[in-house]
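One structure below.
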Amino acid sequence: MFDHLFKPISVNGMILKNRIIATPTGDDFEEKAMGGAALVIAGHAIVEPGRSSFASPEEPYPFAKYEREETRKKVLKIHRGGAKASVEIFHAGQDARTVDYAKGPSALIRPDGVEVKEMDEEMMEETLRWYAETAANAKKIGFDSIFLHFGHGWLPAQFLSPHYNHRTDIYGGSIENRSRFPLRILETVRKAVGNNYPIDIRISAYEWIEDSISFEDVMYFLKKAEPYIDTVQISSGIDKIFEANVHCITTNLEEEMPNLKWAKQAKAELQIPVSVVSAVMTPAMADEIISKGYVDMVAFGRTLLADPYWPKKAMEGHPEDIVPCLRCSNCYHISSDHWNVGCSVNPRYHHQEFVPSEINLPKAETKKHVVILGGGPAGMKAAITASDRGHKVTIIEKQKELGGMLRFISKEAHKEEVQRLLDYYLTQIFKREIEVLLNTEADPELVKELQPDSLLIAFGAVERILPIPGVEGEKVQLATKAIAHPEQLGQNIVILGGGSIGCEIGLELAENGKNVTILELTDTLAANANSLYREALRQKFLLHENLHSLLKCGCSRIEEDVVIYKNESGEEKQLPYDQLILSTGLVAQRQLVESFYGICRDTVAIGDCVSPSNIMNANFEGYTAALNI
């Protein structure tokens, strides 16, 4: 199984045990190595202290005297896991957080008031010296290879891209000229590390903006760069431009393997190994594109945040045990502005200092009977975790199948990842000796009969029905019913509520040719989602002339064929419809939850039944609640 993915490969003398590269996404490089990746990139090393960090002008230089020991530990931790160690060599160029001014291909004043100076020969030489020193230091401290970031709108990419490079000298204009300084970087780095040391670069094949570099120009550069590098990773997009970032780190609204088309062409035209990054979701996908000769290696970012042991599970022939990434980007600080950063499916990510790995769960000192009320994501995660710790587990589920709201979400378009998550949960439940009582409505008497030592209440939430005149009409239906039975919907649809679920329903119906209007009381669509998802959703909405949204509009009443609403100015308007879909949020079942307290001293309510939230919080609460039993 997956023989091509786990075939070794040599890159300039560095033998990789498989074709899996762990990108520098996140700081959990040690666990990625333990999880079976062949090459682990341990974060980044800034090139030029005080003038190359995207985070802070005070970001420490990893090879400074008093930083070297910590940097060396990264190498050792990766080697301990049996992987080769690499580090990203990074310069933010004109977008750097600096102590004074920034460097770039062209002069400008940034929106934050920082001056960007057009790099002259003296400034270029200064930066080249730092590149040489940083690369040589990486080799000296023990990294097996280096990974030069030449994509996503950072300094080398700024010279290559006509979006950034407006020079009229020998470093601007034609692709030959725009390539000069990036090629000087590569030549300088190669001299610094010698011929027998692997150099990898990442490059954006397309930048997803109007004045993007062309892929033809990218290939011109790569052919010129080939004598200096040993492998190339094909990506796309730009980090610092919001509209392009959603194509750099794609959401579930985009196709899977979006960069493969460019990677295939690079592989066909270059003599060096080629890797691809972005949304290669399963071992089967990765194995297939390698077996067909499209690429030599596959790089994984968020996938290995969701499950660092993805490679090992695939290698051992158990892909069904892989925790799937949802491409939700809640792990990405840019999408959340540092509010509630985490992983929807891996409760340990970003919380490593206080949340143990699922691989090393502490066994329970005393085996207990754990009863869980509700089989949604919080309940299923709690059941799996409690069982793995050695407890006897019983789930009571009112419906005929487990899954909670995932049963509906997984049926929507663009939700293949959620279907994989639901399949994962169900597989793990039935792999364990967990008693599941389906079609069973929990009541206090039943729970008492089961004599639980610990009781976890995970009923989930119910759909909110607003007290609007006419809401009980025959043509009005809840979002879950609309998702389950799209064939019952007419041509003209009004969706009341523009949260993420309402927007997703609207998008799918529009894609299927329906005329859709979303009525939203606030000024923001999908306000409950992160900012990158909202941007991706906005771009999708623009593709459909039959999809409309009316913001700051409140529904007054629902008549047989028209919705009466008030716009921002307080004017009363009419909107005809064939069906009206209610998607006005969820409501916690607090009174129901309260009725189960007092049966068992160790009782905890988790997930949406306490406060409607998202998969990330449900998963985290289910996991940590089970750890406390």
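The values are calculated or read from the model by the stated rules, or taken from the named source; none is laboratory data. No experiment lies behind these values; they were computed from the predicted model shown. Quick reminder, even Gly has a Cβ in these numbers, built from the backbone with ideal geometry, and neighbours come from all protein chains shown.
Given the conditions (1) of a type in the set (S, T, N, Q); (2) crowded, with 19+ Cβ neighbours inside 10 Å; (3) part of a loop (DSSP other than H, G, I, E, B), report the number of the one that residue 340 does not fulfil.
For residue 340, the exception is condition (2).
Of 203, 238, 234, 229, which residue is in contact with a Lys or Arg (Cβ under 9 Å, 6 or more places away or on another chain) and buried (at least 24 other Cβ atoms within 10 Å of the Cβ)?
Numbers: 203 fails: in contact with a Lys or Arg (Cβ under 9 Å, 6 or more places away or on another chain); 238 fails: in contact with a Lys or Arg (Cβ under 9 Å, 6 or more places away or on another chain); 229 fails: buried (at least 24 other Cβ atoms within 10 Å of the Cβ).
Criteria check complete, one pass: 234.
Against the condition in a strand (DSSP E or B) and either among the β-branched types (Val, Ile, Thr) or not assigned by TED's automatic domain parsing to the domain that holds residue 208 (or both), how does residue 550 come out, does it pass? Give the derivation first.
Numbers: in a strand (DSSP E or B): yes; either among the β-branched types (Val, Ile, Thr) or not assigned by TED's automatic domain parsing to the domain that holds residue 208 (or both): yes.
Here the answer is yes, as residue 550 does meet what is asked.
Scan the stretch 463-502 for residues that are outside any loop (DSSP other than H, G, I, E, B), under 30 Å from the mean Cα position of the chain (by Cα) and without any contact (Cβ under 8 Å) to a residue 40 or more places away in the chain and jot them down.
In the first step, residues of the stretch 463-502 are kept if they are outside any loop (DSSP other than H, G, I, E, B); the result is 463, 476-484, 486-488, 492-496, 500-502.
Filter again for under 30 Å from the mean Cα position of the chain (by Cα), leaving 463, 478-484, 486, 495-496, 500-502.
Of everything in the stretch 463-502, those that are outside any loop (DSSP other than H, G, I, E, B), under 30 Å from the mean Cα position of the chain (by Cα) and without any contact (Cβ under 8 Å) to a residue 40 or more places away in the chain turn out to be 481, 486, 500.
If I ask for residues that are within 14 Å of residue 492 (Cα to Cα) and crowded, with 19+ Cβ neighbours inside 10 Å, which ones from the stretch 534-549 would you list?
Scanning the stretch 534-549 gives a single hit, 547.
Are any of the residues in the stretch 300-322 modelled with pLDDT under 95, among the hydroxyl-bearing types (Ser, Thr, Tyr) and either at negative phi or crowded, with 16+ Cβ neighbours inside 10 Å (or both)? Lay out the reasoning, then the answer.
Residues of the stretch 300-322 that are modelled with pLDDT under 95, as a first pass: none.
No.
Output the residues belonging to the stretch 576-596 that are crowded, with 19+ Cβ neighbours inside 10 Å and over 35 Å from the mean Cα position of the chain (by Cα).
577, 596, listed by residue number.
Would you confirm whether or not the stretch 49-58 contains a residue that is aliphatic (A, V, I, L, M), assigned to a strand (DSSP E or B) and within 25 Å of residue 157 (Cα to Cα)?
Start the filter on the stretch 49-58 by keeping residues that are aliphatic (A, V, I, L, M), which leaves 55.
Checking which are assigned to a strand (DSSP E or B) leaves us with none.
No: the stretch 49-58 contains no residue that is aliphatic (A, V, I, L, M), assigned to a strand (DSSP E or B) and within 25 Å of residue 157 (Cα to Cα).
Go through the residues of the stretch 298-307 one by one and say whether even a single one is part of a strand (DSSP E or B), among the β-branched types (Val, Ile, Thr) and not assigned by TED's automatic domain parsing to the domain that holds residue 527. Step through it out loud before you land on a result.
Just the residues of the stretch 298-307 that are part of a strand (DSSP E or B), to begin with: 298-300.
Those still in the list that are among the β-branched types (Val, Ile, Thr) too: 298.
Narrowing the set further to residues that are not assigned by TED's automatic domain parsing to the domain that holds residue 527 leaves 298.
Within the stretch 298-307 (the criterion being part of a strand (DSSP E or B), among the β-branched types (Val, Ile, Thr) and not assigned by TED's automatic domain parsing to the domain that holds residue 527), the answer is yes, since at least one residue qualifies.
Pairs please, first residue from the stretch 509-534 and on the phi > 0 side of the Ramachandran plot, second anywhere and charged (D, E, K, R), Cβ atoms under 6 Å, 6+ apart in sequence or on different chains.
526/534
Taking the condition of being under 28 Å from residue 242 (Cβ atoms) and either modelled with pLDDT of 90 or more or among the β-branched types (Val, Ile, Thr) (or both), how many residues in the stretch 331-366 meet it? Please lay out each step first, then the result.
Applying the first criterion (under 28 Å from residue 242 (Cβ atoms)) to the stretch 331-366 yields 331-346, 349-351.
With either modelled with pLDDT of 90 or more or among the β-branched types (Val, Ile, Thr) (or both) added as a condition, the list becomes 331, 334, 341-346, 349-351.
Number satisfying all stated conditions: 11.
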